[in-house]
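Read through the structure below, which is laid out as structure tokens, and then see the notes.
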Amino acid sequence: MKLAKVDHIGIAVRDLDAAIEYFARRYGAKVASREEIPQDKVEEAMIQVGESYIQLLAPTADDSPVAKFLEKRGEGIHHIGFGVENLDGLLEELSAQDAQLIDDRPRLGGGGKMVAFVHPKDGPGILVELVQE
């Protein structure tokens, strides 16, 4: 199996503080980390749930992919992040299979992890983020 774990579920939100407060009030959740990711034009808050995370994403610019998602679909699940052990190798395999990649090479993501995205049109309508620690 090339996917090692569910790393996180990304949820697009309009107001990051309100979303954090909701998960704290409703479920007693605490933010494990919070940071701005300038290259993706988002601010994220990671809430740990067992060995996985809920990633709350709020746009920091009107032209960010998350802002466009919110405009089109509203708040909700944006993507699923899967932990992988060999991101470079998996991207090579996917490319050889003509997968529809958004990123053909790993790039720096949140938390200092290397990431790459696979387009939702490549599968059953799910944006997939591949994450390597």
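The values are calculated or read from the model by the stated rules, or taken from the named source; none is laboratory data. From a predicted model like this one, the values you see are computed outputs, not experimental measurements. FYI the Cβ positions are ideal-geometry reconstructions off the backbone, even for glycines, and counts take in every protein chain you see. Side chains included, ligands, DNA and RNA excluded: accessible areas come from the protein's heavy atoms. Shrake-Rupley method; radii C 1.70, N 1.55, O 1.52, S 1.80 Å.
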Checklist line | 5 angstrom amide H check on residue 29, placed H, neighbours 5+ away | finding: 24
Note to self: Can you compute the charge dipole magnitude of segment 71-133 about its Cα centre, using +1 on each Lys and Arg Cβ and -1 on each Asp and Glu Cβ, nothing else charged? Give it in debye, rounded to the nearest 20.
What the structure shows: 260
Next item on the list: Quick one: which residues, 5+ away or cross-chain, put their amide H under 5 Å from the amide H of residue 60? H built at 1.01 Å from N.
Entry: 42, 43
Note to self: On a straight-distance basis, which aspartates and glutamates could pair with residue 30 in a cross-link, Cα separation under 18 angstrom, same-chain partners fewer than 8 positions away excluded?
What the structure shows: 7, 15, 17, 21, 43, 44, 51
Check: Tell me which lysines have Cα within less than 25 Å of residue 2's Cα, excluding those fewer than 8 residues away on the same chain?
Finding: 113, 121
Next item on the list: Kindly provide the helix-only [θ] at 222 nm of the chain, computed as the sum of -39,500 (n - 2.57) over DSSP H runs of four or more divided by all residues, to the nearest 500 deg cm²/dmol?
Entry: -7000 deg cm²/dmol
Notebook entry, point to check: Cross-link partners among aspartates and glutamates for residue 41, C-alpha distance below 13 Å, same-chain residues fewer than 8 apart left out?
Noted result: 62, 63
Next item on the list: Would you work out the relative contact order for segment 61-133, in percent, from Cα pairs under 8 angstrom that are 6 or more residues apart?
Entry: 33
Checklist line | the chain, dipole about Cα centre (Lys/Arg Cβ +1, Asp/Glu Cβ -1), debye to the nearest 20 | finding: 440
Check: Could you give the angle, 0 to 90 degrees to the nearest 10, between helix 16-27's Cα long axis and the longest principal axis of the Cα atoms of the chain?
Finding: 80
Check: Once phi is turned into θ = phi - 60°, what whole-Hz ³J(HN,Hα) does the Karplus curve with 6.51, -1.76 and 1.60 give for every residue of segment 74-86, x standing for Gly and Pro?
Finding: x, 5, x, 5, 9, 6, 10, x, 10, x, 10, 8, 9
Margin query: Could you work out the relative contact order of the chain? I mean the mean sequence separation of Cα pairs under 8 Å and 6+ apart, divided by the number of residues, in percent.
Written below: 25
Next item on the list: Return the long-range amide H neighbours of residue 7 (sequence gap of 5 or more, or a different chain), with a cut-off of under 5 Å between placed amide H atoms.
Entry: 81, 82, 83
Item checked: Binned Cα-Cα distance frequencies in the chain - 10 Å width, integer % -> 13, 44, 34, 9, 1
Item checked: Neighbour-limited loop hits for GluC sites (Glu not before Pro), segment 36-118 (at most 12 other Cβ within 10 Å; DSSP other than H, G, I, E, B) -> 51, 85
Notebook entry, point to check: In the full protein assembly as shown, how much of residue 34 is accessible to a 1.4 Å probe, in Å² to the nearest 10?
Noted result: 110
Next item on the list: Label segment 1-56 by shape, choosing from rounded, prolate and oblate, from the square roots a ≥ b ≥ c of the eigenvalues of the Cα gyration tensor; if a/c is under 1.5 it is rounded, and otherwise prolate applies when a/b is larger than b/c, oblate when it is not.
Entry: oblate
Next item on the list: Multiply the residue gap between residue 62 and residue 3 by 0.36 nm, knock off their C-alpha separation, and tell me the result in nm, one decimal place.
Entry: 18.0 nm
Margin query: I need the shape label for segment 42-102. Rule: rounded when a/c is under 1.5, else prolate if a/b > b/c, else oblate, with a, b, c from the alpha carbon gyration tensor.
Written below: oblate
